[in-house]
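Enquirer: After the structure tokens below, expect a handful of questions from me.
The values are calculated or read from the model by the stated rules, or taken from the named source; none is laboratory data. Nothing here was measured: the structure is a model prediction, and the numbers come from that model. A quick note on method: Cβ atoms are made from the backbone with ideal geometry, for glycine too, and the neighbour counts reach across all protein chains shown. Each accessible area value is taken on the protein alone, full model and side chains, heavy atoms only, with ligands, DNA and RNA left out. Shrake-Rupley method; radii C 1.70, N 1.55, O 1.52, S 1.80 Å.
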Amino acid sequence: MPVRVLLADGRPLVRAGLRLIVESDAQTSVVGEAAEVRTALAAVRQLLPDVVVADAELPGGGGAVLSREVRQWAADSGQTVQVVVVASSVAEGTAFEVLQAGARGLLLRDSSPEELVRAVREVARGNAALCPQVTARLLDRLAALPAAPQASGPAAEVARLTRREREVLRLLGRGLTNAEIARQLVLGETTVKTHVGRVLAKLGLRDRVQAVVYTYEHGLVVPGEGAGDGRSYRGE
């Protein structure tokens, strides 16, 4: 079944362009459109899309408000609806505001059509999708936080990981994709995907974004190490 997408943008021409991009892929289809937050929420309840692609400046409250309302409604109703927010830029705090509101994807408007389609697919699978600029902002923000006191040894949760799983966790913290981790550790991508799943499960983490935060909080990644080649966190 194709991923069902709702487009939420106040500009008809932009929605038309987004529709062309989404429907150019056989695995995604547009089930509806909305021009502001209130009608987008009504469309979510009626159409039950898998993913909402929303403008960060959507009339009626913006992408963060829509993300928060969709997350609350989905939790109350037992539905699964994810939100990808598209922003013109990533100002200070914007990324955190949108992600804390419940969005699982954040892209810039100059992202390629392929990046948008890939983000829609990934968040529909339950993964997170961030553009390189957002990744950099998150890492900069984390690096600026005061260092938390470190215990003499690794956290108890980390100690339960195997040596290979700890290696994968550190590379996740640097923002590497599964393909990049596979190349660095000389493993197959399927094997890496299995390790990633086990790491997230053992640490009680929801997705790769939380894994990045976890590695910084526990001193597993040193600020300034970089984020791989800066591409999105994806569940490849």
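Enquirer: What pairs come out if I take residues in the range 9-21 that are at negative phi and pair them with residues that are in a helix (DSSP H, G or I) and basic (Lys, Arg) whose C-beta lies under 6 Å away, six or more apart or interchain?
Expert: These pairs meet every condition: 9/15.
Enquirer: For the range 96-139, enumerate the residues that are in a strand (DSSP E or B) and modelled with pLDDT of 85 or more. Can you show your working first?
Expert: Keep residues of the range 96-139 that are in a strand (DSSP E or B), which gives 105-108, 129-130.
Across the range 96-139, the qualifying residues are 105, 106, 107, 108, 129.
Enquirer: Next question, about the same structure. For the range 117-139, what are the residues that are aliphatic (A, V, I, L, M) and open to solvent by 10 Å² or more (accessible area, probe 1.4 Å)? Give the derivation first.
Expert: Pass one, the range 117-139, residues aliphatic (A, V, I, L, M): 117, 119-120, 123-124, 128-130, 134, 136, 138-139.
Those that are aliphatic (A, V, I, L, M) and open to solvent by 10 Å² or more (accessible area, probe 1.4 Å): 117, 124, 136, 138, 139.
Enquirer: What's the number of the only condition in (1) modelled with pLDDT of 95 or more; (2) buried (at least 20 other Cβ atoms within 10 Å of the Cβ) that residue 59 fails to meet?
Expert: All conditions are met except number (2).
Enquirer: Test residue 28 against the stated conditions and say whether it is open to solvent by 30 Å² or more (accessible area, probe 1.4 Å) and of a type in the set (Ser, Thr, Tyr).
Expert: Details: open to solvent by 30 Å² or more (accessible area, probe 1.4 Å): no; of a type in the set (Ser, Thr, Tyr): yes.
No; evaluated as a whole, the condition is false for this residue.
Enquirer: When you go through 151, 143 one by one, which is the residue that is of a type outside the set (Ser, Thr, Tyr), at pLDDT below 85 and either in contact with a strand residue (DSSP E or B) (Cβ under 6 Å, 6 or more places away or on another chain) or part of a loop (DSSP other than H, G, I, E, B) (or both)?
Expert: Numbers: 143 fails: either in contact with a strand residue (DSSP E or B) (Cβ under 6 Å, 6 or more places away or on another chain) or part of a loop (DSSP other than H, G, I, E, B) (or both).
The unique qualifying residue is 151.
Enquirer: Hey, can you tell me all the residues within the range 188-210 that are under 16 Å from residue 162 (Cα atoms) and surrounded by 18 or more Cβ atoms within 10 Å (Cβ to Cβ)? Break it down into steps so the answer makes sense when it comes.
Expert: Within the range 188-210, the subset under 16 Å from residue 162 (Cα atoms) is 191-204.
Answer for the range 188-210, where residues must be under 16 Å from residue 162 (Cα atoms) and surrounded by 18 or more Cβ atoms within 10 Å (Cβ to Cβ): 192, 195, 196, 199, 200, 203.
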